[in-house]
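Everything on this sheet refers to the single structure shown next.
Please treat every number below as a calculation from the coordinates, not as lab data. What you see is a predicted model, and the numbers here were worked out from it, not measured in a lab. Because the Cβ atoms are built from the backbone with ideal geometry, glycine has one as well, and the counts that use them run over all protein chains shown.
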Amino acid sequence: MNPKNATISKGVDWSLVWIWFTLCAIGVMSIFAASYHDGDNIAQGFISLKTDYSRQLLFFIISGIVGTFILLTDSKFFTATANLGYAFGIFLLLLVFPFHSRVKGTESIIRFGSAFQLQPADLCKIFVNLALAKYLSRVETNFTRPRSHLIAAVIALVPAMLSIMQKETGLSLVYFSFFLVMFREGLPPSVLIIGFSFAVLVVATLLLDPNTLAIILTAVALLAIYILRRPIRRSRSILFLIVGIWFVCVGVQRFVVPFAFDHIFQPYQVKRIYDAIGKDYVPKDQATEAALENEVKTSKKKDNNYNVKQSKIAIGSGGLIGKGLLKGTQTRYDFVPEQKTDFIFCTIGEGFGFTGSILFLGIYVLLLMRIVTVAERQRSVFSRCYAYGVASVLFFHIIINVCMTIGLAPVIGIPLPFVSYGGTSLLTFSIMLFIMVRLDADRQMVLR
């Protein structure tokens with residue numbers, strides 16, 4: 001700590017703190033609405049630490065205490081320890097392999113007794129954000145060079161690869177949001193275009209017959225050669241580029257996507273992806289079919305798309321103004337599985353309707369807009385990159401989670417920031433936000 005600046009109020013953007021407080025309070029309220037049963041003693045439920053909402057309230061308080069210590073910390077501490085923190089995060093991810101506990105299909109959680117568990121893949125987002133900001137802010141980093149792009153991508157994607165190996169596919173995708181930070185700092189738009197094109201190609205591979213898609217890709221390549229025939233006469237490298245792109249696309253369609261769906265994704269995850277694009281999934285063998293049937297039995301669902309169906313029913317039943325707090329039937333009577341975690345948004349939708357949902361999402365929009373404003377007023381590249389990292393991670397989580405609950409995205413286990421039940425998740429998002437608030441309080445400094 002810096003004794004000369006050991007004050008919370010100096011330079012702090014309190015609007016961000018109040019938005020954090022509001023979202024956390026909404027989270028505790030929503031978890032309470034989904035967990036409360038008629039006849040329960042509310043006061044005892046909140047102080048017993050035996051209910052989900054009492055434990056979430058405890059982590060809310062702990063997050064506030066941790067946030068206070070962060071606001072009293074010298075900003076230079078975060079730049080000085082960024083690389084060390086990244087190494088520690090990777091160490092935690094590696095520690096998962098010998099000491100993990102299998103929870104709901106994932107092997108990314110370390111248990112400490114029966115009351116506490118840690119998910120390093122979630123916590124590591126903080127360390128990646130700091131390390132990436134540290135690298136991009138270095139004087140010797142020239143982000144116009146491909147070598148710098150590659151190093152930044154490795155910083156972001158190593159934890160993603162480790163998360164995939166731990167069967168935590170959902171959280172691994174969050175690390176791709178850091179490419180938005182790189183784009184802000186000069187990553188060529190072509191990289192994002194390639195990424196979007198790859199996503200389109202994957203969806204097309206799932207929707208179309210393999211031979212039909214191969215014919216379409218060939219036709220597109222031939223059309224490109226015809227349109228660019230004059231430039232090709234001057235430079236054969238354009239022709240080689242087109243042919244190379246064609247080979248890559250066909251390779252992705254024929255080998256990469258089938259390999260990922262057969263060896264990386266779990267059968268129930270594949271089923272959810274097919275459900276999201278409106279196509280029936282046919283198991284490739286009896287083992288996969290048995291795994292899907294076991295998932296349905298163990299999760300007590302009628303089918304693999306049961307969660308989303310019940311979530312949409314809950315949100316739709318809220319109507320314009322909602323049924324009111326503690327009056328929702330779908331969420332209070334456990335029709336929606338995982339309603340306190342992945343599907344917490346449907347509790348808000350049923351209780352407060354379309355109007356309440358829009359107001360709730362408006363708070364997130366206000367938060368994201370404020371973070372971008374904070375990012376753009378920084379003198380330090382480190383602080384700006386870190387703030388954009390916070391905005392990117394939050395944006396990804398919000399979009400995917402809300403789209404999951406209304407059936408526009410596959411269910412991949414992405415929590416809603418500050419609202420979904422989970423101590424590690426709440427602490428992670430709170431620490432990320434409070435570090436940004438601390439850096440912003442020293443926005444006139446140039447940190448490296």
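Net charge near ILE431: determine it from the other residues with C-beta under 14 Å of the C-beta of ILE431, scoring Lys and Arg +1 and Asp and Glu -1.
+1
Consider all pairwise Cα distances in the range 83-236 and report the whole-number % of them above 20 Å.
Roughly 63 percent, once rounded to a whole number.
Build a GNM of the chain with springs between Cα atoms under 10 Å: which of THR341, THR79, THR141 gets the top mean-square fluctuation?
THR141
What's the exposure ranking of GLU168, GLU376, GLU185, going from fewest to most Cβ atoms within 10 Å?
In order of increasing Cβ crowding within 10 Å: GLU376, GLU185, GLU168.
Quick one: divide the alpha-carbon radius of gyration of the range 322-448 by 2.2 N^0.38 Å and tell me what you get. List each step's numbers first, then the result.
Values: Rg = 16.8 Å, N = 127, 2.2 N^0.38 = 13.9 Å.
In units of the globular-protein estimate, the range 322-448 measures up at 1.21.
Could you give P(r) for the chain, binned at 10 Å from zero, as whole percent values over all Cα-Cα pairs?
4, 18, 27, 26, 16, 6, 2, 0, 0
Taking the number of other C-beta atoms within 10 Å as the exposure measure, put TRP18, TRP246 in order starting with the fewest.
TRP18, TRP246
Which FRET efficiency value, to the nearest 0.05, is calculated for VAL200 and VAL243 with the Förster distance at 22 angstrom and r the Cβ-Cβ distance?
It comes out at approximately 0.65.
Taking R0 as 35 Å, what FRET efficiency do you get between THR68 and ILE313 from their Cβ-Cβ distance, rounded to the nearest 0.05? Don't skip to the end; give the middle numbers.
On the way: r = 42 Å, r/R0 = 1.19.
Computed FRET efficiency for THR68 and ILE313: 0.25.
Sorted from fewest to most neighbouring beta carbons within 10 Å, what does the list CYS124, CYS249 look like?
Ascending Cβ contact count within 10 Å gives the list CYS249, CYS124.
Report the Cα-based extents of the range 374-448 along its three principal axes, largest first, to the nearest Å.
44, 24, 15
Considering the chain as a Gaussian network with a 10 Å cut-off on Cα pairs, which listed residue, PHE143, PHE91, PHE354, attains the greatest mean-square fluctuation?
Result for the chain, Cα springs under 10 Å: PHE91 fluctuates most.
Kindly identify the range 185-266 as rounded, prolate or oblate by the Cα gyration tensor criterion: order the square roots of the eigenvalues as a ≥ b ≥ c, call it rounded if a/c is under 1.5, otherwise compare a/b with b/c, prolate if a/b is larger, else oblate.
Here the range 185-266 falls in the oblate category.
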